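Notes follow the structure.
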Amino acid sequence: MRLIVVGSGGSQPTPKAGCACRVCTAARRFGGRHQRAGPSLYVHEGAVLIDTPEEINARLVALDLAPQAVFWTHAHPDHAAGMRVIEFLAQARGRPVRGYVPHELYPELMRRYPLEHMARRGWLEVTRFAPERPLQVAGLRWMALRHAEEEPIYSYVIEGAAGRVLYAPDHYQTLPVPEGRFALAVLQVPRLPQAALPAPLPPTHPAFRRFKAWEAVLEEWRGKTDRLVFTHLYEAIGLLPEEYDRLARTAGDWVGFAHDGMALELGEEADPLALFEAFRARQEEIARRYAHDPRRMREEMRKLLADPVYQRLKKGFRRGS
């Protein structure tokens, strides 16, 4: 199973217009991992996208992705307001995009966004489903998990031959932790340790009420997942990518923080030679695309070298040498 974190930001993108905080300033200056769009995930099997935040069209263009199907977690703008991308995808394909919506969520999406209009125009083909009944999409089993909230909010368990993935990008504190073991869990960022923050939070800060603590989430998932990746990274947290990396290292190599364009791959079935050729092709593509911008080229090369797929490939060659 191959996945891409299309967007890793919080409820607002990074950088924000007019914002002079250290996170937005660094994002404007350095680009790359410092910039974050609204939270969304792409699954290669079935060309499935989860969520359509406001910035989704630009992110799909940047990653050269053309989803054929979309699931939604909930109706908040940072997860659904970029829905017009469905029109563009359907026009390009000449056939509708498939939309999968839990029954309870459908009226809320209808109330806020032009689902009916897109269906009438032939751009969207909606399948409403009951969360307790898993869907089969391109050989993967999809299960929606209802959060303990008044409004309909869902996370997804995606299951295939390579293992199970949990994608819970928002409102994690109201999600009953699903049973069983996972190969990967991608979760909303928890409340981080006070010592890791640029400035400690006062005891009355809403984060103490709205987010589970870092230590509690690590304890919840230790031994339950092979890999834990945090997404929905709010610029208000105040951390830069290298600071997130340092914090992740304190928890162990099974924990990380997402960035836009991050590739995640499950299973060991890929041919190392094919992976190597794909890596070299990506290197050449970066060199061509950013030949006029050496700084951006270096940043993209660093991202490529940090990619989990390349790290796995590197370890494989070391074992074989």
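The values are calculated or read from the model by the stated rules, or taken from the named source; none is laboratory data. Everything quoted here is computed from the prediction, not taken from an experiment. Every residue, glycine among them, receives a Cβ derived from its backbone with ideal geometry; neighbour counts consider all protein chains shown.
Quick check on this structure: which one of Arg33, Arg93 is surrounded by 24 or more Cβ atoms within 10 Å (Cβ to Cβ) and not assigned by TED's automatic domain parsing to the domain that holds Arg296?
Checking each option against the conditions leaves just Arg33.
Yes or no, residue by residue, for (1) polar (S, T, N, Q); (2) over 20 Å from Glu243 (Cα atoms):
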| position | (1), (2) |
| --- | --- |
| Ala26 | no, no |
| Arg36 | no, no |
| Leu41 | no, yes |
| Glu45 | no, yes |
| Thr52 | yes, yes |
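Which count do you get for residues in region 41-61 that are under 20 Å from Pro102 (Cα atoms) and among the acidic types (Asp, Glu)?
1
What about Val126, is it assigned to a strand (DSSP E or B) and touching a residue at least 60 places away in the same chain (Cβ under 8 Å)?
So Val126 does not fit the description; no.
What are the pairs with Cβ atoms under 6 angstrom where one residue, in region 81-104, is more than 22 Å from Arg133 (Cβ to Cβ) and the other, located anywhere, is buried (at least 21 other Cβ atoms within 10 Å of the Cβ) and of a type in the set (Ser, Thr, Tyr)? Sequence gap at least six, or different chains.
Matching pairs, first to second residue: Gly82/Thr52; Met83/Thr52; Val85/Thr52.
Filter region 136-158 down to the residues that are part of a strand (DSSP E or B), at pLDDT 95 or above and crowded, with 20+ Cβ neighbours inside 10 Å and list them by number.
Residues satisfying the conditions are Trp142, Ala144, Tyr154, Ser155, Tyr156, Ile158.
Kindly list, by first and then second residue, each pair from a residue in region 203-221 that is farther than 21 Å from Arg181 by Cβ to a residue that is polar (S, T, N, Q), limited to pairs with Cβ atoms under 8 Å and residues at least 6 apart or on different chains.
Qualifying pairs under 8 Å: Arg210/Gln173; Phe211/Gln173; Phe211/Gln188.
Return the residue satisfying two criteria in turn: it lies in region 244-265 and is acidic (Asp, Glu) and either in contact with a Pro (Cβ under 7 Å, 6 or more places away or on another chain) or modelled with pLDDT of 95 or more (or both), and of such residues it is farthest from Val6 (Cα to Cα).
Asp245
Taking Glu104 as the residue in question, decide whether it is under 26 Å from Leu233 (Cβ atoms) and at pLDDT 95 or above.
Spelling it out, it is not the case that Glu104 is under 26 Å from Leu233 (Cβ atoms) and at pLDDT 95 or above.
Going residue by residue through region 73-80, is there one that turns out to be crowded, with 20+ Cβ neighbours inside 10 Å, acidic (Asp, Glu) and at pLDDT 95 or above?
The answer is yes; a qualifying residue exists.
Within region 199-215, identify whether any single residue is aliphatic (A, V, I, L, M), at pLDDT 95 or above, on the phi < 0 side of the Ramachandran plot and in contact with a helix residue (DSSP H, G or I) (Cβ under 7 Å, 6 or more places away or on another chain), and answer yes or no.
So far as region 199-215 goes, no, none of its residues is aliphatic (A, V, I, L, M), at pLDDT 95 or above, on the phi < 0 side of the Ramachandran plot and in contact with a helix residue (DSSP H, G or I) (Cβ under 7 Å, 6 or more places away or on another chain).
Being of a type outside the set (A, V, I, L, M, F, W, C), at pLDDT 85 or above and in a helix (DSSP H, G or I) is the filter here, so list the residues in region 268-298 that pass it.
Hits for region 268-298 are Pro294, Arg295, Arg296, Arg298.
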